Each structure stands twice: as C-alpha cells, then as structure tokens.
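Have a look at the structure below, then the notes.
The values are calculated or read from the model by the stated rules, or taken from the named source; none is laboratory data. Here the structure is a predicted model, which is why all the values come from computation and not from measurement. Because the Cβ atoms are built from the backbone with ideal geometry, glycine has one as well, and the counts that use them run over all protein chains shown. Surface accessibility is based on the protein's heavy atoms, side chains included, excluding ligands, DNA and RNA. Shrake-Rupley method; radii C 1.70, N 1.55, O 1.52, S 1.80 Å.
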Amino acid sequence: MEEMPQDHRPARSVRVLLAEDQGMMRGALALLLGMEPDIEVVAQVGAGDEIVRTALTARPDVALLDIELPGRSGLEAAADLREECPDCRVLILTTFGRPGYLRRAMEAGAAGFLVKDGPVEELAEAIRAVLRGETVVDPALAAAALGAGPSPLTGREAEVLKASVDGATVADIAAKLHLSESTVRNYLSAAIGKTGTRNRAEARREARQQGWL
C-alpha cells in the first residue's frame, strides 16, 4: 500500500490574511510565506475595502496590510479591524517607510510596521512575534519617527487636503465634505502654512511625503 505524503505543518498554523494591490507582489508573498512550516495564507485581497469583510469570513490570526490600497488605506483598515476583529493582529508592510505612517499605524492599533525590502524570513518571524503579543517595528523607521514628532495637521485639515486631488475645486471639496467654501479655504490655507509650502498641491505632496495623509 502506497504511503500518503506527510504534512509537516504543526497542528495549528498561523492564519494570515494578505492585503496587497499589486497582483504579482501579492502572489509572491503568499507563495513565500506559504513555504514556512507554521504559516498559512488563508485569504488574499487587492483592495482596502475588502479587508474587514474577508477577515470576518477567514478569521485570520494576523492581517498583513499594505498602506496604499484602493478603496480604503491599510491604515484605515487597521482601525476597522481593531473594532470588528479584535483578535486579529495587524502588521503593516509597506514600500514607504515614512515616520508619519508609523505613528498613524500605531494609533490605528497595528502591532507591527515593516518596509518591503527585508528578507521573507524576517517577515515570517515578525508575524510570529506579533501573534505572541510583541510589537515589531523597523528600527531605522522607529528612530526617524521619534525625531519627526506628530503631524501638525488637524483631522479636518488633512481631510480637506486629501480631497484636493485631481484638479478638485474648492466647490468640489466643499460639496464632497459637506462644508462651506469659506471653511474649505480656511483649512487649505492652514494646511499650506503648516507644511511651509506655497500652494495646496505642494502642501498635499509634502504631507504625503511625511506620511501625514
């Protein structure tokens, strides 16, 4: 009688949800993590607004989230998961190692923050670490975040600046956010002043570079 191949995975693997909008990157990460004996990628999504719904079905132990996602950012989804799936630990994995992103990730309840240029073995160990209740942060980014301080923008200023994209007029922003046009102008002016820039396009670019949006 021919013997069946044995599954060398432990009885209880770490269940991982992977959120990454680039299909090739998502597939590669899933393949590499799946080679770890104690990690199982149970769900993959390509948009931020799919994360919570998928997590409620797949029940992952750890959600590995990119920041720049269509529909909803990984930072916003991290906050959603804290409310909807409190037993799921969140690990942010991003190309953009910006101090402002790290601070916002921690405020959203993320347990870890890594940049994508590290080896997969380091990522696998980070997944295990956050599941043990530890916090894992890229050391260089942590040092930069401590020196950078918090965002100078208020929530409303950041919201208005984020909405001022793709040639949106003051009237467009006002209608979208249910604000008066004069209020939108005031918020934009404050954001420009706080970022030390000359106009709203430069202000938005600077705020994104700092990870404040």
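Just a few scattered comments:
- Amide H to amide H distances under 5 Å link Val137 with Phe113, where only residues 5 or more positions off or on other chains count and H is placed in the peptide plane.
- For segment 155-210, the relative contact order works out to 34 percent when only alpha carbon pairs closer than 8 Å and six or more residues apart are counted.
- Solvent-accessible surface of segment 19-121, taken per residue with a 1.4 Å probe and all protein chains present: 44 Å².
- Based on Cα contacts under 8 Å between residues 6+ apart, segment 51-95 shows a relative contact order of 51 percent.
- Ellipticity estimate at 222 nm from DSSP helix runs (n ≥ 4, -39,500 (n - 2.57)) divided over the chain, nearest 500: -14500 deg cm²/dmol
- With every protein chain in place, segment 14-146: carbon and sulfur % of accessible area (1.4 Å): 52 percent
- Segment 14-146 shape via C-alpha gyration tensor axes, a/c threshold 1.5: rounded
- Cβ charges +1 (Lys, Arg) and -1 (Asp, Glu), total dipole of segment 1-139, debye: 360 debye
- Part-to-part distance (alpha-carbon centres) for segment 71-105 and segment 182-213, which is given in Å: 23 Å
- Simple label model, 7 Å out from Cα along Cβ direction - Glu107 to Thr154, nm: 1.4 nm
- Think of segment 14-146 as having a plus end and a minus end, set by charges on the Cβ of Lys, Arg, Asp and Glu; of Ile51, Pro99, Leu64, Pro99 sits farthest toward the positive end of this dipole.
- For segment 155-210, the per residue solvent-accessible surface stands at 57 Å², with DNA, RNA and ligands left out and a 1.4 Å probe.
- Mean Cα-pair separation over length for segment 17-67, i.e. relative contact order, pairs under 8 Å, 6 or more apart, %: 52 percent
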